C-alpha cells in the first residue's frame, strides 16, 4: 500500500511539473506539432489528462478535415458566445488551411451577431493576414446591416494595419456600393493612393456590372476616368459573356464602337468581345464585321474571322465570296492572309491557300501566312 | 545516497522530469506552428501499382481517409516506387493541396530530386499555401535550403506574401541572397495593384533595394506596368529622379508595354526614350508590328510623318514601308 501511494505521489509530481510548463500561455493556443516518439509512451496517461482540460469544442475543431468540416456549419450558427473563443482556438489549430479559412468566416459571423466588440478584439489573435481579412469580412457583413457608417469609420482608423484596412475597405464597398453607385464613384475617384484607388474602382465596377450590365456599359461609354472606364468595360464583359445564349453580341459591339477613344475600341473589341463572339456564333460575327467593314479598327477582327473560317471552310469559293464583301484594303488583306494560313494549317490542298493569298496585297499578315504555309509544306526530317 | 531517496528530493526530481518533457512538447509562441517532423515510423511498404491511374486512385483514397503517414511512406526509397511515378504523384498531391496537410506535401516534394516536375510542384504548393495562409507558408519557406528558396518560387509566392507586414517580409529577406531578393521584389511589384497594400509593399521594396539580377525582371519594370494606367505622372516622377539609365529603361519598358497593348501609337514615344539601343529597337519593332496589324492606315501614315523621322533611322523606316510596297520619302 505504501509503495502504491509512493508511486501515485510521484506520478502526480510528474504531472504537476508537466502542467506548470504546458498550460496555455496565450489566449489562442495554436500548436499542431505531434509529440515525439521518445516521450509518447511515458506521457500517454498524462496527455490524456491534459487533453481532458481542453474544451471538447476546441478539440473537435482542431481535428476537422476537408471531409467533415461542412458538418460544423450548423453547429457554429447556434454556438453560445462562451464557446466561440474555444472554437477559434481549435480552428486555428486545424491542419488544413482550406478548412481554417472556410470556417473562420462562419465563426466570426456568429461572433459579430452576438457581440461585435468581442469579435473585433478576437481578430488580434489571428496571425494569418488572409484569415484575418476573412474574419473581418464576416464581421463587416453583419455590421453593415445595423450601422454601415460606424463600420466605415472603424475600418478608416485601421492605419496601423494597411493590408487589413484595404481588405476592409474593399469589403465594405462590395457590401454598400450598390445603394449609391454615384456617391461611391465620386469617393473612390478622390482616393490619392493610386493602387488603392484602382482596387476600389475595380470593386465598384464589379458591383455595378453584377447589378446591371447594361447600365454599367452605358456608364463606361460616358466615363472620363480611364481606370474606371476599363474596369466597367471588363466587368461588363465578364458578366455578360457568362450568359452566352442571351447575349446580344451585335448590339453590345455596336455600342462599343461608340467609345470615344480608339484605344478602348481596339482593346475591348479585339481582345474580349470579338473572340467570344466568334467562338459562340462565327456566322453572326462574320456578318457583323462585313456590316462595319468601313471601320479601320476592325482589321484584327477581320483577321480573326479569316482564321476561323479558313480552318472550317470546305471550299475556297466560300472564302473568296466572303472576302469580296470587304472592300479593298487592310481588312480584306488581313482576312485573306489569315484564311490562307487557317486553310493550310488544317492540311487542305495547298493550292487553295495560294489562291487565297493571291487576293492579299503586301502586308505583315501575308508574310506570316507565307511562313505558316512554308512550314506546312516542308517535309519534316525523318528521325 | 540517503538524501537521494528522501521523498522531497524524489518529488522535486519528478516535478523537473514532468517540466522537461512539457518543455520539449511546448510550441514556441502563438500562431499556427509548422511542424517539420516526419512521421514517427513508416507505416507500410507501398503497394505496387500497375498504372499511374491505379497509383492516383490509391492516393485519392489515402487522402480521403487522411492516411498521410501512408502517403509519406509511399515516397520513401524503400517503398520501391519509381522516381518518375513519385514525381507524377507529387503533382497530384499538390493539385489536392487543400485536402492534405501542406507540411506533409512540402516534406514529400523536398525529398524528391530537384528537376522540372518537382520544381513545378514546389512552386505550385508554395503559391497556393501563401494565398491561403501567408504566415504559415512563410515559416515553411524559412526551412528551405538556399538553392530551393532563392528562385522564381518567390515571385509566385509574393501574391500571398505581400499581405504580411513589411517588417516580417524584411526579416525573412535576410535569409535570401541577391537573386532571392530580386525575385521577391519582382513578385511584390507585379502583384502590387491587386494584393496587399501599396503603403506596405512600397515600404518593403524600398528597404529590400535589390541588385539587378540577370534572371529576375527588374521590379521597376513591373511597377511601370502597374502604374501605367493608374498613375502615369508618378512614373514620370520616378523617371526624372532616377540617375541609373538601366533602371529608367526598366520603368519605360513596363510603362510602354501596358500602354502599347491597347494603344501602340502612344507607346512609340515611350520606346523612343529608352537609352539602350537594342531595348529601344526591340520595343519599337513590337509596337509597330502591333499597330500595323490593328490599324494599318494610321500606322503607315505615322511612318511617313516627322514623328517617325525623329524616332527611327531612315533605314528602319525604309524597312517597314517596303514591306507594304511603299517608298520612304527623305
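The values are calculated or read from the model by the stated rules, or taken from the named source; none is laboratory data. None of the values given here were measured: they were computed from a predicted structure. Quick reminder, even Gly has a Cβ in these numbers, built from the backbone with ideal geometry, and neighbours come from all protein chains shown.
Quick check on this structure: which one of B:264, B:232, B:243 is out of contact with any helix residue (DSSP H, G or I) (no Cβ under 8 Å at 6 or more places or on another chain) and within 25 Å of residue B:310 (Cα to Cα)? Answer to the check: B:243. The helices (runs of 4 or more DSSP H) found wholly in region B:108-171 and carrying at least 1 residues that are within 27 Å of residue B:70 (Cβ to Cβ) occupy B:116-132, B:134-141, B:146-149.
For residue A:233, the conditions (1) modelled with pLDDT of 90 or more; (2) more than 14 Å from chain B (Cβ to nearest Cβ); (3) farther than 19 Å from residue A:319 by Cα; (4) assigned to a helix (DSSP H, G or I) all hold with the exception of (2).
Collect the residues in region A:337-367 that are free of Cβ contacts under 8 Å to residues at least 60 places away in the same chain and within 14 Å of another protein chain (Cβ to nearest Cβ), keeping them in residue-number order. The answer is A:337, A:338, A:341, A:360, A:361, A:362, A:363, A:364, A:366, A:367. When each of B:329, B:310, B:298 is tested for being closer than 25 Å to residue B:251 by Cα, modelled with pLDDT under 95 and out of contact with any strand residue (DSSP E or B) (no Cβ under 9 Å at 6 or more places or on another chain), the lone residue that passes is B:310. Against the test of being within 29 Å of the chain's Cα centre (by Cα) and either in a helix (DSSP H, G or I) or surrounded by 14 or more Cβ atoms within 10 Å (Cβ to Cβ) (or both), the options A:253, A:319 yield a single qualifying residue, A:253. Evaluate the following for residue A:298: is it surrounded by fewer than 16 Cβ atoms within 10 Å (Cβ to Cβ), closer than 24 Å to residue A:327 by Cβ and at pLDDT 90 or above? Judged against the criteria, residue A:298 is not a match.
Let's see how each residue does on (1) at the interface with chain A (Cβ under 10 Å from one of its Cβ atoms); (2) in contact (Cβ under 8 Å) with a residue 60 or more places away in the chain; (3) part of a helix (DSSP H, G or I); (4) surrounded by fewer than 17 Cβ atoms within 10 Å (Cβ to Cβ):
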site	(1), (2), (3), (4)
B:265	yes, no, yes, no
B:278	no, no, yes, yes
B:282	no, no, yes, yes
B:287	no, no, yes, no
B:290	yes, no, yes, no
B:299	yes, no, yes, no
B:310	no, no, yes, yes
B:321	no, no, yes, no
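Among the residues of region A:57-77, those identified as surrounded by fewer than 20 Cβ atoms within 10 Å (Cβ to Cβ) and in a loop (DSSP other than H, G, I, E, B) are A:63, A:65, A:66, A:67, A:68.
Can you tell me which residues in region B:80-107 are assigned to a loop (DSSP other than H, G, I, E, B) and within 14 Å of chain A (Cβ to nearest Cβ)? I'd like the intermediate steps shown before the answer.
Restricting attention to region B:80-107, the residues satisfying the condition of being assigned to a loop (DSSP other than H, G, I, E, B) are B:80-82, B:96, B:100-101.
Answer for region B:80-107, where residues must be assigned to a loop (DSSP other than H, G, I, E, B) and within 14 Å of chain A (Cβ to nearest Cβ): B:96, B:100, B:101.
Out of region B:172-219, which residues are touching a helix residue (DSSP H, G or I) at 6+ places or on another chain (Cβ under 6 Å) and outside any helix (DSSP H, G or I)? Of everything in region B:172-219, those that are touching a helix residue (DSSP H, G or I) at 6+ places or on another chain (Cβ under 6 Å) and outside any helix (DSSP H, G or I) turn out to be B:191, B:192, B:193, B:195, B:196, B:197, B:210, B:211, B:213, B:216, B:217, B:218. For region B:169-194, a residue qualifies if it is more than 9 Å from chain A (Cβ to nearest Cβ), surrounded by fewer than 24 Cβ atoms within 10 Å (Cβ to Cβ) and under 19 Å from residue A:167 (Cα atoms), and the qualifying residues are B:190, B:191. Would you say residue A:243 is exposed (fewer than 15 other Cβ atoms within 10 Å of the Cβ), more than 14 Å from chain B (Cβ to nearest Cβ) and under 30 Å from residue B:297 (Cβ atoms)? It is false that residue A:243 is exposed (fewer than 15 other Cβ atoms within 10 Å of the Cβ), more than 14 Å from chain B (Cβ to nearest Cβ) and under 30 Å from residue B:297 (Cβ atoms).
For region B:220-243, the tally of residues that are assigned to a loop (DSSP other than H, G, I, E, B) and under 26 Å from the mean Cα position of the chain (by Cα) stands at 1. Does residue B:248 satisfy the condition of being within 25 Å of the chain's Cα centre (by Cα), part of a helix (DSSP H, G or I) and at the interface with chain A (Cβ under 10 Å from one of its Cβ atoms)? No, not satisfied.
If the requirement is being farther than 24 Å from residue A:154 by Cβ, modelled with pLDDT under 95, touching a helix residue (DSSP H, G or I) at 6+ places or on another chain (Cβ under 9 Å) and away from chain B (no Cβ under 14 Å), which of these qualifies: A:56, A:67? Break it down into steps so the answer makes sense when it comes.
Details: A:67 fails: away from chain B (no Cβ under 14 Å).
Criteria check complete, one pass: A:56.
Does residue A:314 meet the test of being within 15 Å of residue B:291 (Cα to Cα) and at pLDDT below 95? For residue A:314, the condition - within 15 Å of residue B:291 (Cα to Cα) and at pLDDT below 95 - is not met.
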